[in-house]
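Have a look at the structure below before the remarks.
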Amino acid sequence: MSLYAVDKVCRRVVIDPAFAAALREDPQGALKAASPPLRDRERELLLAGDVGALGRMGANFFLLHQLGRMELFGLTLALYAERIRAEYAVERERWAQAQRGD
Amino acid sequence: MASIVGALGIPHNPFTALGIARGDDAVAESRQLYGELERQLDAMAADTLVVFTTDHYNLFFELSVPIFAIGTAQRSSGPSDYPMLPQFEVAIDSELATDIQAAVVAEDFDLGRSQEFELDHTILAPLGVIAPAMERSIVPIWISASMRPIPSAARCHALGAAVARAIAASELERRVVVAGSGAFSFEVGGPRMSEESHVGVPAPDWAIRVSELLASGDIAQLVAESTPDQITEAGNAAGEILNWIAMLGCFDARPASFVQAQRAEGHAYAAWQLP
């Protein structure tokens with residue numbers, strides 16, 4: 001399913017410095033004020049920096065990684081990457097096996 | 001009359017362009033390959049570059065995403081998404097863009113029009129390396145190659161052919177170079193990223209295969225092999241091959257004048273001197 005509201009947050013952190021600053025100051029408040037509104041679960045996962053779950057739910061990775069790039073919700077690009085790899089560990093092993101010809 | 005005098009295939013990794021701007025040794029090979037494209041482009045003596053590219057959610061975001069669109073503004077600037085890269089003001093060939101849109105829509109291609117836009121790194125990062133004087137005007141044509149559903153390779157090739165007919169029919173005096181921007185295998189932020197980075201090249205052999213087909217000029221085979229499954233396996237940015245395929249649709253299939261792959265980067269540098 002589309003996580004359009006989450007994708008829009010990820011877009012705004014790049015193009016809207018005031019929004020990015022508000023997320024650093026009061027992440028909960030800034031997310032509650034976001035439009036279109038986030039679902040409770042989406043907001044919880046953003047606040048937790050749980051990009052693995054958000055990606056699994058359908059967030060756009062192209063946009064989602066901007067949270068790591070902008071170092072929001074406790075993320076860095078390295079931590080972002082670590083969480084995506086962990087979430088998709090099973091698939092990644094399967095892809096690696098296919099590449100090795102196992 | 002306008003005519004197509006050459007074609008380029010250009011990677012657009014913004015961090016490569018940044019490394020070149022900074023003089024980093026790590027991008028020496030890329031600097032040399034971009035240098036070859038610069039020489040090829042200079043030999044074409046072009047007035048206008050028609051660049052097929054894919055919006056990286058900077059212009060259309062997910063708000064209203066045309067499958068195909070053309071930019072007809074008078075001027076633009078950027079790269080809008082990487083302020084740390086050299087910034088440019090550029091002329092848009094609005095007259096030619098308008099001719100192309102009218103002719104292509106008349107052929108039943110739904111080519112949307114954007115009259116106000118910034119350009120992102122997919123155009124201005126590589127052009128900032130190979131043509132930093134920005135003396136040539138630009139016509140951007142966006143292909144929606146990231147957000148699903150994406151158009152088929154055959155459709156993009158046909159779009160390129162229609163654009164070529166539109167250029168040939170234009171009464172404007174223009175020497176036109178067509179360019180395709182992007183990679184063949186690349187993942188940004190997604191599950192197919194590498195173990196070392198938030199990006200990756202999930203299908204480096206596909207990049208080599210594409211480069212071999214470019215070298216031999218077997219474009220029909222390239223179109224046939226650029227299936228939705230192949231593109232998905234090659235990464236969430238691998239749809240950018242459609243930009244190359246649209247560019248390749250602009251002229252009769254032939255071996256590239258120059259092509260060099262970078263397997264670890266999932267892309268290639270290529271040029272065709274035409275006719």
Tally the residues that are small (Gly, Ala, Ser) and within 11 Å of another protein chain (Cβ to nearest Cβ), restricting the search to region A:1-36.
2
Might you check whether a residue that is under 23 Å from residue B:170 (Cα atoms) and out of contact with any Leu (no Cβ under 9 Å at 6 or more places or on another chain) occurs anywhere in region B:6-13?
no
Can you name the number of the only condition in (1) within 22 Å of residue B:186 (Cβ to Cβ); (2) more than 10 Å from chain B (Cβ to nearest Cβ) that residue A:39 fails?
(1)
Considering only residues of region B:88-145 that are touching a Gly at 6+ places or on another chain (Cβ under 7 Å) and assigned to a loop (DSSP other than H, G, I, E, B), which is surrounded by the fewest Cβ atoms within 10 Å (Cβ to Cβ)?
B:118
I'm trying to understand the selection: among the residues of region B:147-196, which are of a type in the set (S, T, N, Q), crowded, with 22+ Cβ neighbours inside 10 Å and within 14 Å of chain A (Cβ to nearest Cβ)?
B:185
Only one of these conditions is not met by residue B:46: (1) within 18 Å of the chain's Cα centre (by Cα); (2) of a type in the set (A, V, I, L, M); (3) in a helix (DSSP H, G or I). Which number is it?
(3)
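None of the figures in this text is laboratory data; all of them are computed from the coordinates on show. Keep in mind that this is a model prediction, so the values were computed, not measured. We place every Cβ from the backbone using ideal geometry, glycine too, and count neighbours over all the protein chains shown.
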